[in-house]
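Worksheet: one structure, shown below.
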Amino acid sequence: MKYSFTCYGHENITAKHKTTLEFTKDKDLGLEGDCIVGVKADFSLKSLKKLIKSIGNNKKITIIIETMPNSNKNNNKDIYKKIKDNNYNIVENGKNINNKIKSNEHYNNKIIEKISAEINPNFNSDKEIVIRKTNFISERTFATRADKAAFELNRNLIEFLKEKENKIKVSIGKKQ
């Protein structure tokens with residue numbers, strides 16, 4: 001089983017936290033929320049619990065974050081132009097794809113980030129999903145032992161997330 005949800009960027013996303021990253025249903029974000037990489041998340045606790053149950057004893061999961069085109073096509077095109085003009089790299093699965101920009105009428109260039117972690121079977125938050133590099137567990141902790149924290153995410157992704165109208169898709173599934 002795989003589960004996906006979406007969330008949005010915000011001008012205060014800094015993604016500087018050294019041990020966690022977070023997706024929240026909150027609409028606003030202060031600068032102190034340096035682990036938050038997505039606001040207005042539309043995840044369902046019921047669906048996440050179903051996913052956790054389906055994963056069973058093998059706790060290893062993969063979390064994929066990917067940029068999505070938004071309804072403002074010109075703005076989306078401008079974001080990717082800004083990324084290219086500022087010598088940022090567009091990366092997919094760890095490989096630079098600047099020379100292979102994929103584009104259609106909706107400017108479907110994508111930045112994709114992959115994270116491996118271990119699921120917390122006792123996750124129980126309907127407001128936020130916290131992914132930690134450490135073993136610390138609370139009801140907000142969705143996963144531990146992650147191989148990346150907010151500060152290690154692709155800076156192109158973070159640049160993209162500084163625009164409120166920009167959207168990401170987060171997919172979670174059992175590690176293959």
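Since every read-out is calculated from the coordinates, none of them should be taken as a lab result. Since the structure is predicted, the reported quantities are computational estimates derived from the model, not experimental observations. Cβ: placed from backbone, ideal geometry, glycine included. Neighbour counts: every protein chain shown.
General remarks:
- Remark: the Lys174-Phe136 segment gains 11.6 nm on full extension, using 0.36 nm per residue and subtracting the alpha carbon distance.
- Taking each residue as 0.36 nm, the span from Lys2 to Asn57 lengthens on full extension beyond its C-alpha to C-alpha distance by 18.2 nm.
- Cα-Cα over 19 Å, subset of Lys46/Lys114; Lys18/Lys40; Lys25/Lys46; Lys60/Lys167; Lys114/Lys164: Lys46/Lys114; Lys18/Lys40; Lys60/Lys167; Lys114/Lys164
- Theoretical FRET efficiency, 1/(1+(r/R0)^6), r = Cβ-Cβ of Asn122 and Lys18, R0 22 Å, to 0.05: 0.35
- Hz values of 3J(HN,Hα) by residue in the stretch 167-176 - Karplus curve (6.51, -1.76, 1.60), Gly and Pro given as x: 10, 10, 10, 10, 10, 10, x, 5, 5, 7
- Label-to-label distance, nm, for residues given as Glu32 and Asp147 (7 Å Cα→Cβ offset): 3.4 nm
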